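The values are calculated or read from the model by the stated rules, or taken from the named source; none is laboratory data. This one's a predicted model, so the numbers in the text were calculated from it and none came from an experiment. Note: ideal-geometry Cβ built from the backbone for every residue, glycine included; neighbour counts use all protein chains shown. Note: accessible area is taken over every heavy atom of the protein model, side chains too, but ligands, DNA and RNA are not part of it. Shrake-Rupley method; radii C 1.70, N 1.55, O 1.52, S 1.80 Å.
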Amino acid sequence: MILNEKETAAIKDLQTQEQSCIEKYGKYSMEAHDPVLKDLFKTLQKKEQQHYDSLNQVLNGSVPSCNCNDSDGKSYNPTATYNKMANSAEKKSDCFLATDCISTEKLVSSEYNTDVFCFGDSDVRKLLADIQVEEQNHAEMLYKYKTVNSMS
């Protein structure tokens, strides 16, 4: 498979978004106070790295298979660390980190939704649509974390 100029630019732009997510989740996993949130950030960092690697394969001429995973968000059930009454600096900080990441996931998901239409190859479109669903799952997981910790 050979990408045209527009397709190559779209994949590189998506890789920039994924790299930003990888770095953000790595940084935020060190900043988070709650071990549950730290673990979530580390998990999401690995998922974003997989997305980056998949895009790299597309740039190199092959399309990796995708699993159309739409259950990570649905099946994620975090345990609460913070209670409803707690209003500590740590809780406020963790709430900010989770909220910021939800905003990032919305942006990245939107980029995939737009860029999927740049491609003629149905396998690439399927891969990008799959990654978009996974980005939505990430936002759902973060939202569930906030909800169980009385942050939303």
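Things worth noting here:
- Note: relative contact order over segment 12-94, using C-alpha pairs below 8 Å and six or more positions apart, is 33 percent.
- Positive-end residue of A89, Y145, S54, charge dipole of the chain with Cβ unit charges: A89
- The angle separating the long axis of helix 89-115 from the principal Cα axis of greatest extent in the chain is about 20 degrees.
- In loop segments of segment 51-93 as defined by DSSP, the trypsin sites (Lys or Arg not before Pro) with at most 13 further C-beta atoms inside 10 Å of their C-beta are K84.
- For the chain, averaging the sequence separation of C-alpha pairs within contact (under 8 Å, six or more residues apart) and dividing by the residue count gives a relative contact order of 31 percent.
- When each of K106/K146; K42/K144; K38/K144; K46/K91 is checked by Cα-Cα distance, pairs over 18 Å: K46/K91
- Folded to 0 to 90 degrees: helix 5-31 orientation relative to the chain principal axis, Cα: 20 degrees
- Using the Cβ-Cβ distance between Q57 and K27 with R0 = 30 Å, the FRET efficiency computed as 1/(1 + (r/R0)^6) comes to roughly 0.70.
- For T81, no residue has an amide H sitting under 5 Å from its own, ignoring neighbours fewer than 5 places away on the same chain, with H placed 1.01 Å from N.
- Point-charge dipole on Cβ atoms (K/R +1, D/E -1) for segment 1-135, about Cα centre, debye to 20: 420 debye
- Only lysines eight or more places from K6 in sequence, or on another chain, were considered; those with a Cα closer than 19 Å are K126.
- Cα→Cβ-extended label distance, 7 Å offset, between S75 and T114, nm: 3.3 nm
- Principal axes of the chain: Cα extent on each, largest first, Å: 56, 25, 20
- Each helix, a run of at least 4 DSSP H residues, gives -39500 (n - 2.57); summed and divided by the residues of the chain, these come to -25000 deg cm²/dmol at 222 nm.
- Protein-only accessible surface order, largest first, of F96, F117, F41 at 1.4 Å: F117, F96, F41
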